[in-house]
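**Student:** Dropping a structure here in C-alpha coordinates format, bear with me for questions.
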Amino acid sequence: MFFLCLLVFFFGLTNVGSFTAATNTTVAPYFGVTVGRMATLNTAYFLPFVLLAPLCGYLGDLWGRKRMILYGGTAFGVGLLLFGYSRNLMMGQVAHFITGTGGAIVDVVVAAAVADLYRENPARGTNFAQVFFGVGALASPALVAHLLEAHDLPWQMMYFAGAIGAVLLTSALFTQGFPAAETAQPPSAETEPRPRPAGSLLLSGTFLALVLAMFSYGCAEMGAAYGVPAYLEKGLGSSKGIAGLSLSGFWAFITLGRLLGSVMPKKASYPAVMGWGCLAGAICLAVASLARSATVAAPFFPLMGFSIAVIWPTILADARRRIPQRSTTAFGILVAAGGLGAMSFPLVVGRLSEATGDWHKAMQAILIPMALMLLMFAALSAFDRVRGRRQ
(Lines give C-alpha, C1' and ligand atoms only; values in the text may rest on other atoms or scores of the structure.)
Protein backbone atom coordinates (compact mmCIF):
# COMPACT_ATOMS: atom_id res chain seq x y z
CA MET A 1 0.00 0.00 0.00
CA PHE A 2 2.93 2.35 0.68
CA PHE A 3 4.13 2.20 -2.91
CA LEU A 4 0.60 2.54 -4.26
CA CYS A 5 0.24 5.78 -2.31
CA LEU A 6 3.71 6.94 -3.36
CA LEU A 7 2.78 6.38 -6.99
CA VAL A 8 -0.39 8.40 -6.58
CA PHE A 9 1.59 11.19 -4.88
CA PHE A 10 4.05 11.41 -7.77
CA PHE A 11 1.18 11.31 -10.25
CA GLY A 12 -0.36 14.32 -8.50
CA LEU A 13 2.96 16.17 -8.26
CA THR A 14 3.56 16.01 -12.03
CA ASN A 15 -0.06 16.06 -13.19
CA VAL A 16 -0.94 18.34 -16.10
CA GLY A 17 -3.58 20.08 -13.98
CA SER A 18 -1.00 21.22 -11.41
CA PHE A 19 2.53 21.06 -12.79
CA THR A 20 1.85 22.08 -16.39
CA ALA A 21 -0.95 24.52 -15.51
CA ALA A 22 1.43 26.46 -13.26
CA THR A 23 4.06 26.78 -16.03
CA ASN A 24 1.68 27.64 -18.90
CA THR A 25 2.12 31.41 -18.74
CA THR A 26 5.92 30.98 -18.73
CA VAL A 27 6.18 28.29 -21.41
CA ALA A 28 3.67 29.89 -23.83
CA PRO A 29 5.99 32.80 -24.83
CA TYR A 30 8.88 30.33 -25.17
CA PHE A 31 6.80 28.30 -27.64
CA GLY A 32 5.53 31.46 -29.32
CA VAL A 33 1.85 30.71 -28.70
CA THR A 34 -0.98 32.16 -26.62
CA VAL A 35 -1.89 30.80 -23.21
CA GLY A 36 -5.20 29.66 -24.72
CA ARG A 37 -3.38 27.36 -27.15
CA MET A 38 -1.51 25.74 -24.27
CA ALA A 39 -4.78 23.96 -23.49
CA THR A 40 -3.87 21.53 -26.29
CA LEU A 41 -1.30 20.07 -23.89
CA ASN A 42 -4.20 18.92 -21.70
CA THR A 43 -5.80 17.37 -24.78
CA ALA A 44 -2.59 15.51 -25.66
CA TYR A 45 -2.12 14.35 -22.06
CA PHE A 46 -5.62 12.93 -21.63
CA LEU A 47 -6.00 11.39 -25.08
CA PRO A 48 -4.24 8.17 -23.91
CA PHE A 49 -6.74 7.99 -21.03
CA VAL A 50 -9.53 7.78 -23.61
CA LEU A 51 -7.69 5.38 -25.92
CA LEU A 52 -5.92 3.11 -23.43
CA ALA A 53 -7.72 3.16 -20.08
CA PRO A 54 -10.37 0.55 -21.07
CA LEU A 55 -7.52 -1.86 -21.91
CA CYS A 56 -5.42 -1.29 -18.80
CA GLY A 57 -7.47 -3.47 -16.48
CA TYR A 58 -7.37 -6.40 -18.90
CA LEU A 59 -3.64 -6.02 -19.50
CA GLY A 60 -3.05 -5.73 -15.76
CA ASP A 61 -4.76 -9.09 -15.26
CA LEU A 62 -2.88 -10.59 -18.21
CA TRP A 63 0.65 -9.30 -17.54
CA GLY A 64 0.44 -8.48 -13.84
CA ARG A 65 -0.25 -5.17 -12.16
CA LYS A 66 3.33 -4.59 -11.05
CA ARG A 67 4.56 -4.98 -14.61
CA MET A 68 1.97 -2.51 -15.88
CA ILE A 69 2.94 0.02 -13.23
CA LEU A 70 6.58 -0.26 -14.31
CA TYR A 71 5.55 0.44 -17.89
CA GLY A 72 3.53 3.41 -16.70
CA GLY A 73 6.39 4.87 -14.67
CA THR A 74 8.77 4.51 -17.60
CA ALA A 75 6.38 6.30 -19.96
CA PHE A 76 5.90 9.05 -17.41
CA GLY A 77 9.63 9.67 -17.12
CA VAL A 78 10.22 9.65 -20.88
CA GLY A 79 7.39 12.12 -21.45
CA LEU A 80 8.62 14.56 -18.78
CA LEU A 81 12.17 14.40 -20.12
CA LEU A 82 11.02 15.00 -23.69
CA PHE A 83 8.93 18.02 -22.68
CA GLY A 84 12.00 19.57 -21.06
CA TYR A 85 13.71 19.37 -24.45
CA SER A 86 10.70 20.65 -26.41
CA ARG A 87 11.20 23.73 -28.53
CA ASN A 88 7.68 24.17 -29.87
CA LEU A 89 4.09 23.31 -29.02
CA MET A 90 3.98 20.25 -31.29
CA MET A 91 6.92 18.63 -29.51
CA GLY A 92 5.25 19.49 -26.21
CA GLN A 93 2.06 17.78 -27.32
CA VAL A 94 3.96 14.59 -28.23
CA ALA A 95 5.70 14.68 -24.85
CA HIS A 96 2.42 15.11 -23.00
CA PHE A 97 0.86 12.24 -24.95
CA ILE A 98 3.66 9.95 -23.73
CA THR A 99 3.32 11.25 -20.17
CA GLY A 100 -0.45 10.74 -20.37
CA THR A 101 0.11 7.14 -21.46
CA GLY A 102 1.98 6.53 -18.22
CA GLY A 103 -0.70 8.39 -16.29
CA ALA A 104 -3.50 6.28 -17.77
CA ILE A 105 -1.76 3.07 -16.72
CA VAL A 106 -1.06 4.33 -13.20
CA ASP A 107 -4.58 5.71 -12.71
CA VAL A 108 -6.50 2.58 -13.68
CA VAL A 109 -4.25 -0.10 -12.19
CA VAL A 110 -3.67 1.65 -8.86
CA ALA A 111 -7.37 2.53 -8.46
CA ALA A 112 -8.41 -1.07 -9.16
CA ALA A 113 -5.83 -2.46 -6.71
CA VAL A 114 -6.90 -0.09 -3.92
CA ALA A 115 -10.59 -0.81 -4.44
CA ASP A 116 -9.89 -4.55 -4.23
CA LEU A 117 -8.00 -4.06 -0.98
CA TYR A 118 -10.98 -2.16 0.52
CA ARG A 119 -13.83 -4.27 -0.81
CA GLU A 120 -16.07 -3.83 2.21
CA ASN A 121 -16.08 -0.04 1.90
CA PRO A 122 -14.38 0.96 -1.37
CA ALA A 123 -15.06 4.69 -0.88
CA ARG A 124 -12.65 4.71 2.05
CA GLY A 125 -9.84 3.17 0.01
CA THR A 126 -10.28 5.23 -3.13
CA ASN A 127 -10.62 8.50 -1.22
CA PHE A 128 -7.63 7.70 1.02
CA ALA A 129 -5.38 6.93 -1.95
CA GLN A 130 -6.43 10.15 -3.65
CA VAL A 131 -5.31 12.12 -0.60
CA PHE A 132 -1.75 11.43 -1.76
CA PHE A 133 -2.61 12.67 -5.25
CA GLY A 134 -3.87 15.86 -3.67
CA VAL A 135 -0.75 16.32 -1.56
CA GLY A 136 1.40 16.17 -4.68
CA ALA A 137 -0.95 18.36 -6.71
CA LEU A 138 -1.27 21.04 -4.02
CA ALA A 139 2.50 21.28 -3.56
CA SER A 140 3.28 21.53 -7.24
CA PRO A 141 1.78 24.91 -8.34
CA ALA A 142 3.06 26.93 -5.38
CA LEU A 143 6.50 25.32 -5.67
CA VAL A 144 6.65 25.93 -9.42
CA ALA A 145 5.53 29.55 -9.05
CA HIS A 146 8.13 30.12 -6.32
CA LEU A 147 10.96 28.62 -8.35
CA LEU A 148 10.00 30.54 -11.49
CA GLU A 149 9.37 33.88 -9.84
CA ALA A 150 11.73 34.02 -6.83
CA HIS A 151 14.66 31.94 -8.10
CA ASP A 152 14.30 32.43 -11.86
CA LEU A 153 14.83 28.69 -12.37
CA PRO A 154 14.49 27.57 -16.01
CA TRP A 155 11.21 25.71 -16.43
CA GLN A 156 13.02 22.89 -18.25
CA MET A 157 14.92 21.99 -15.09
CA MET A 158 11.70 21.17 -13.27
CA TYR A 159 10.67 18.69 -15.95
CA PHE A 160 14.12 17.11 -15.90
CA ALA A 161 13.79 16.71 -12.12
CA GLY A 162 10.37 15.10 -12.59
CA ALA A 163 11.86 12.64 -15.08
CA ILE A 164 14.57 11.67 -12.59
CA GLY A 165 11.93 11.13 -9.91
CA ALA A 166 9.97 8.84 -12.24
CA VAL A 167 13.10 6.77 -12.94
CA LEU A 168 13.95 6.44 -9.25
CA LEU A 169 10.42 5.44 -8.31
CA THR A 170 10.20 2.92 -11.14
CA SER A 171 13.56 1.43 -10.14
CA ALA A 172 12.41 1.09 -6.53
CA LEU A 173 9.38 -0.89 -7.66
CA PHE A 174 11.61 -3.64 -9.02
CA THR A 175 12.48 -4.50 -5.41
CA GLN A 176 8.86 -4.69 -4.22
CA GLY A 177 6.13 -7.30 -4.34
CA PHE A 178 2.96 -5.89 -5.91
CA PRO A 179 -0.47 -7.15 -4.88
CA ALA A 180 -2.54 -8.73 -7.62
CA ALA A 181 -6.32 -8.64 -7.54
CA GLU A 182 -6.64 -12.24 -6.42
CA THR A 183 -4.46 -11.63 -3.32
CA ALA A 184 -6.88 -9.06 -1.94
CA GLN A 185 -9.39 -9.96 0.77
CA PRO A 186 -12.21 -11.99 -0.79
CA PRO A 187 -15.78 -10.71 -0.80
CA SER A 188 -18.01 -11.61 2.14
CA ALA A 189 -20.38 -13.66 0.00
CA GLU A 190 -19.26 -17.26 -0.56
CA THR A 191 -20.93 -17.57 -3.94
CA GLU A 192 -21.49 -14.81 -6.47
CA PRO A 193 -23.53 -14.94 -9.64
CA ARG A 194 -21.74 -15.52 -12.91
CA PRO A 195 -20.38 -12.17 -14.17
CA ARG A 196 -22.25 -10.62 -17.03
CA PRO A 197 -20.33 -9.99 -20.27
CA ALA A 198 -18.32 -6.76 -20.14
CA GLY A 199 -20.35 -5.31 -23.00
CA SER A 200 -23.51 -5.50 -20.91
CA LEU A 201 -22.17 -2.66 -18.75
CA LEU A 202 -23.05 -0.27 -21.54
CA LEU A 203 -26.68 -1.41 -21.33
CA SER A 204 -26.94 -0.51 -17.65
CA GLY A 205 -28.64 2.82 -17.04
CA THR A 206 -26.97 3.34 -13.65
CA PHE A 207 -23.52 2.64 -15.08
CA LEU A 208 -24.12 5.02 -17.98
CA ALA A 209 -25.14 7.67 -15.45
CA LEU A 210 -21.82 7.12 -13.65
CA VAL A 211 -19.98 7.39 -16.99
CA LEU A 212 -21.67 10.73 -17.78
CA ALA A 213 -20.97 11.95 -14.25
CA MET A 214 -17.29 11.01 -14.57
CA PHE A 215 -17.06 12.73 -17.96
CA SER A 216 -18.59 15.87 -16.44
CA TYR A 217 -16.26 15.70 -13.46
CA GLY A 218 -13.24 15.51 -15.76
CA CYS A 219 -14.53 18.60 -17.58
CA ALA A 220 -15.06 20.54 -14.34
CA GLU A 221 -11.90 19.59 -12.43
CA MET A 222 -9.40 19.98 -15.25
CA GLY A 223 -11.22 22.93 -16.80
CA ALA A 224 -10.87 24.72 -13.48
CA ALA A 225 -7.27 23.57 -12.90
CA TYR A 226 -6.26 24.81 -16.35
CA GLY A 227 -8.18 28.07 -16.08
CA VAL A 228 -7.38 29.23 -12.52
CA PRO A 229 -3.83 30.58 -13.09
CA ALA A 230 -4.66 32.22 -16.42
CA TYR A 231 -7.97 33.62 -15.13
CA LEU A 232 -6.34 35.20 -12.09
CA GLU A 233 -3.28 36.48 -13.99
CA LYS A 234 -4.80 37.48 -17.33
CA GLY A 235 -8.37 38.18 -16.31
CA LEU A 236 -7.91 39.79 -12.89
CA GLY A 237 -4.28 40.98 -13.02
CA SER A 238 -2.91 38.98 -10.11
CA SER A 239 0.73 37.97 -9.65
CA LYS A 240 2.05 34.50 -10.42
CA GLY A 241 2.39 33.94 -6.68
CA ILE A 242 -1.30 34.57 -5.96
CA ALA A 243 -2.36 32.48 -8.97
CA GLY A 244 -0.06 29.64 -7.93
CA LEU A 245 -1.26 29.74 -4.33
CA SER A 246 -4.90 29.66 -5.44
CA LEU A 247 -4.29 26.61 -7.62
CA SER A 248 -2.30 24.98 -4.83
CA GLY A 249 -5.21 25.74 -2.52
CA PHE A 250 -7.56 24.12 -5.02
CA TRP A 251 -5.61 20.87 -4.79
CA ALA A 252 -4.99 21.27 -1.04
CA PHE A 253 -8.69 21.47 -0.31
CA ILE A 254 -9.35 18.56 -2.66
CA THR A 255 -6.89 16.64 -0.51
CA LEU A 256 -8.67 17.68 2.68
CA GLY A 257 -12.05 16.73 1.21
CA ARG A 258 -10.79 13.29 0.20
CA LEU A 259 -9.26 12.77 3.61
CA LEU A 260 -12.71 13.34 5.10
CA GLY A 261 -14.15 11.06 2.41
CA SER A 262 -11.86 8.27 3.57
CA VAL A 263 -13.99 7.96 6.74
CA MET A 264 -17.28 7.90 4.85
CA PRO A 265 -19.75 5.53 6.59
CA LYS A 266 -20.19 2.15 4.98
CA LYS A 267 -23.93 2.64 4.40
CA ALA A 268 -23.68 6.22 3.10
CA SER A 269 -25.61 7.09 -0.06
CA TYR A 270 -22.79 7.74 -2.51
CA PRO A 271 -24.97 9.65 -5.05
CA ALA A 272 -26.37 11.92 -2.32
CA VAL A 273 -22.89 12.73 -0.95
CA MET A 274 -21.60 13.51 -4.44
CA GLY A 275 -24.70 15.51 -5.38
CA TRP A 276 -24.48 17.88 -2.42
CA GLY A 277 -20.76 18.33 -3.02
CA CYS A 278 -21.38 19.13 -6.68
CA LEU A 279 -23.99 21.75 -5.79
CA ALA A 280 -21.67 23.46 -3.30
CA GLY A 281 -18.82 23.40 -5.81
CA ALA A 282 -20.99 25.00 -8.50
CA ILE A 283 -21.90 27.84 -6.13
CA CYS A 284 -18.22 28.48 -5.33
CA LEU A 285 -17.30 28.46 -9.01
CA ALA A 286 -20.12 30.86 -9.86
CA VAL A 287 -18.95 33.35 -7.23
CA ALA A 288 -15.30 33.10 -8.33
CA SER A 289 -16.11 33.51 -12.03
CA LEU A 290 -18.27 36.59 -11.39
CA ALA A 291 -15.69 38.33 -9.18
CA ARG A 292 -13.89 41.41 -10.42
CA SER A 293 -11.04 41.18 -7.94
CA ALA A 294 -8.38 38.49 -7.56
CA THR A 295 -8.59 38.94 -3.80
CA VAL A 296 -12.25 37.90 -3.89
CA ALA A 297 -11.95 35.16 -6.53
CA ALA A 298 -8.79 33.38 -5.34
CA PRO A 299 -10.23 31.87 -2.10
CA PHE A 300 -13.30 30.43 -3.82
CA PHE A 301 -11.34 28.06 -6.03
CA PRO A 302 -9.96 26.13 -3.03
CA LEU A 303 -13.50 26.01 -1.63
CA MET A 304 -14.70 24.60 -4.94
CA GLY A 305 -11.98 21.96 -4.72
CA PHE A 306 -13.08 20.98 -1.21
CA SER A 307 -16.71 20.68 -2.34
CA ILE A 308 -16.07 18.40 -5.32
CA ALA A 309 -13.19 16.46 -3.73
CA VAL A 310 -14.95 13.16 -3.07
CA ILE A 311 -16.64 12.89 -6.46
CA TRP A 312 -13.93 11.20 -8.56
CA PRO A 313 -12.97 8.45 -6.07
CA THR A 314 -16.59 7.95 -4.95
CA ILE A 315 -17.78 7.42 -8.52
CA LEU A 316 -15.26 4.57 -8.72
CA ALA A 317 -16.37 3.27 -5.33
CA ASP A 318 -20.02 3.41 -6.44
CA ALA A 319 -19.12 1.39 -9.53
CA ARG A 320 -17.28 -1.15 -7.35
CA ARG A 321 -20.39 -1.43 -5.15
CA ARG A 322 -22.82 -1.79 -8.06
CA ILE A 323 -20.68 -3.97 -10.36
CA PRO A 324 -18.42 -6.12 -8.14
CA GLN A 325 -17.73 -8.79 -10.78
CA ARG A 326 -16.64 -6.35 -13.49
CA SER A 327 -15.10 -3.55 -11.43
CA THR A 328 -11.75 -3.45 -13.25
CA THR A 329 -13.45 -3.22 -16.63
CA ALA A 330 -15.82 -0.61 -15.23
CA PHE A 331 -12.88 1.37 -13.85
CA GLY A 332 -11.22 1.42 -17.24
CA ILE A 333 -14.36 2.77 -18.92
CA LEU A 334 -14.92 5.35 -16.18
CA VAL A 335 -11.33 6.59 -16.25
CA ALA A 336 -11.60 6.87 -20.05
CA ALA A 337 -14.77 8.95 -19.65
CA GLY A 338 -13.07 11.22 -17.11
CA GLY A 339 -10.06 11.48 -19.40
CA LEU A 340 -12.29 12.51 -22.31
CA GLY A 341 -13.75 15.34 -20.24
CA ALA A 342 -10.34 16.36 -18.90
CA MET A 343 -8.91 16.29 -22.41
CA SER A 344 -11.63 18.32 -24.08
CA PHE A 345 -12.85 20.97 -21.65
CA PRO A 346 -9.61 22.88 -20.98
CA LEU A 347 -9.53 23.32 -24.75
CA VAL A 348 -13.07 24.72 -24.62
CA VAL A 349 -12.06 27.13 -21.84
CA GLY A 350 -8.97 28.23 -23.76
CA ARG A 351 -10.83 28.75 -27.03
CA LEU A 352 -13.61 30.69 -25.30
CA SER A 353 -11.08 32.99 -23.68
CA GLU A 354 -9.53 33.70 -27.07
CA ALA A 355 -12.84 34.10 -28.92
CA THR A 356 -14.47 36.39 -26.37
CA GLY A 357 -11.41 38.00 -24.81
CA ASP A 358 -13.14 37.45 -21.47
CA TRP A 359 -11.79 34.92 -18.98
CA HIS A 360 -14.92 35.39 -16.84
CA LYS A 361 -17.12 33.83 -19.54
CA ALA A 362 -14.60 31.07 -20.13
CA MET A 363 -14.66 30.07 -16.47
CA GLN A 364 -18.46 30.33 -16.29
CA ALA A 365 -18.67 27.69 -19.04
CA ILE A 366 -17.47 25.11 -16.48
CA LEU A 367 -20.88 25.42 -14.80
CA ILE A 368 -22.41 23.48 -17.73
CA PRO A 369 -20.72 20.11 -17.00
CA MET A 370 -21.31 20.67 -13.28
CA ALA A 371 -25.05 20.99 -13.95
CA LEU A 372 -24.99 17.73 -15.95
CA MET A 373 -23.09 16.02 -13.16
CA LEU A 374 -25.64 17.18 -10.59
CA LEU A 375 -28.47 15.82 -12.77
CA MET A 376 -26.80 12.39 -12.94
CA PHE A 377 -26.36 12.22 -9.16
CA ALA A 378 -29.99 13.22 -8.63
CA ALA A 379 -31.11 10.46 -11.02
CA LEU A 380 -28.94 7.83 -9.29
CA SER A 381 -30.18 8.91 -5.86
CA ALA A 382 -33.81 8.68 -7.02
CA PHE A 383 -33.17 5.24 -8.53
CA ASP A 384 -31.63 3.98 -5.27
CA ARG A 385 -34.57 5.24 -3.23
CA VAL A 386 -37.08 3.51 -5.53
CA ARG A 387 -35.07 0.28 -5.44
CA GLY A 388 -34.84 0.51 -1.65
CA ARG A 389 -38.64 0.80 -1.31
CA ARG A 390 -39.15 -2.21 -3.61
CA GLN A 391 -36.80 -4.32 -1.53
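**Student:** When both residues are 6+ apart or on different chains and their Cβ atoms are under 7 Å apart, which pairs have a first residue that lies in the stretch 33-51 and is in contact (Cβ under 8 Å) with a residue 12 or more places away in the chain, and a second that is surrounded by fewer than 21 Cβ atoms within 10 Å (Cβ to Cβ) and acidic (Asp, Glu)?
**Tutor:** THR34/GLU354; GLY36/GLU354
**Student:** Filter the stretch 357-376 down to the residues that are modelled with pLDDT under 95 and over 21 Å from THR43 (Cα atoms) and list them by number.
**Tutor:** GLY357, ASP358, HIS360
**Student:** Then there is this: If I filter the stretch 225-248 for residues that are over 26 Å from ARG124 (Cβ atoms), small (Gly, Ala, Ser), surrounded by 24 or more Cβ atoms within 10 Å (Cβ to Cβ) and in contact with a His (Cβ under 8 Å, 6 or more places away or on another chain), do I get at least one hit?
**Tutor:** yes
**Student:** Another question, then. So ALA362 passes all but one of these: (1) touching a residue at least 40 places away in the same chain (Cβ under 8 Å); (2) more than 20 Å from the chain's Cα centre (by Cα); (3) surrounded by fewer than 20 Cβ atoms within 10 Å (Cβ to Cβ). Which condition number does it fail?
**Tutor:** (3)
**Student:** What's the number of the condition ARG119 fails, among (1) surrounded by fewer than 19 Cβ atoms within 10 Å (Cβ to Cβ); (2) at pLDDT 80 or above; (3) out of contact with any Leu (no Cβ under 7 Å at 6 or more places or on another chain); (4) not hydroxyl-bearing (Ser, Thr, Tyr)?
**Tutor:** Answer for ARG119: the failing condition is (2).
**Student:** Taking TYR217 and the conditions (1) assigned to a helix (DSSP H, G or I); (2) farther than 20 Å from CYS284 by Cα, which numbered condition does it fall short on, given that it satisfies the others?
**Tutor:** (2)
**Student:** Which of the residues spanning the stretch 40-52 are surrounded by fewer than 24 Cβ atoms within 10 Å (Cβ to Cβ) and among the polar types (S, T, N, Q)? Talk me through it step by step, then tell me what you get.
**Tutor:** Within the stretch 40-52, the subset surrounded by fewer than 24 Cβ atoms within 10 Å (Cβ to Cβ) is 40, 43-44, 47, 50-52.
Result: THR40, THR43.
**Student:** Given the criteria within 21 Å of ILE254 (Cβ to Cβ) and at pLDDT 95 or above, does VAL349 qualify?
**Tutor:** When the stated conditions are applied, VAL349 does not pass them.
**Student:** Taking the stated definitions as given, is ARG119 among the basic types (Lys, Arg), over 23 Å from GLN156 (Cα atoms) and not in a helix (DSSP H, G or I)?
**Tutor:** Considered against the rule, which asks whether it is among the basic types (Lys, Arg), over 23 Å from GLN156 (Cα atoms) and not in a helix (DSSP H, G or I), ARG119 comes out as yes.
**Student:** Among the residues of the stretch 22-39, which ones are surrounded by fewer than 20 Cβ atoms within 10 Å (Cβ to Cβ) and on the phi < 0 side of the Ramachandran plot?
**Tutor:** Matches in the stretch 22-39: THR25, THR26, ALA28, PRO29, TYR30, PHE31, VAL33, THR34, ARG37.
Table: residues versus (1) closer than 18 Å to THR14 by Cα; (2) among the aromatic types (Phe, Trp, Tyr); (3) out of contact with any His (no Cβ under 9 Å at 6 or more places or on another chain).
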site	(1), (2), (3)
LYS66	no, no, yes
GLY73	yes, no, yes
ARG87	no, no, yes
MET90	no, no, yes
GLN93	yes, no, yes
THR99	yes, no, yes
PHE128	no, yes, yes
PHE133	yes, yes, yes
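The values are calculated or read from the model by the stated rules, or taken from the named source; none is laboratory data. What you are looking at is a predicted structure, and each value in this text was computed from that prediction instead of being measured. With ideal geometry, Cβ positions are generated from the backbone for all residues, glycine too; neighbour counts draw on all protein chains shown.
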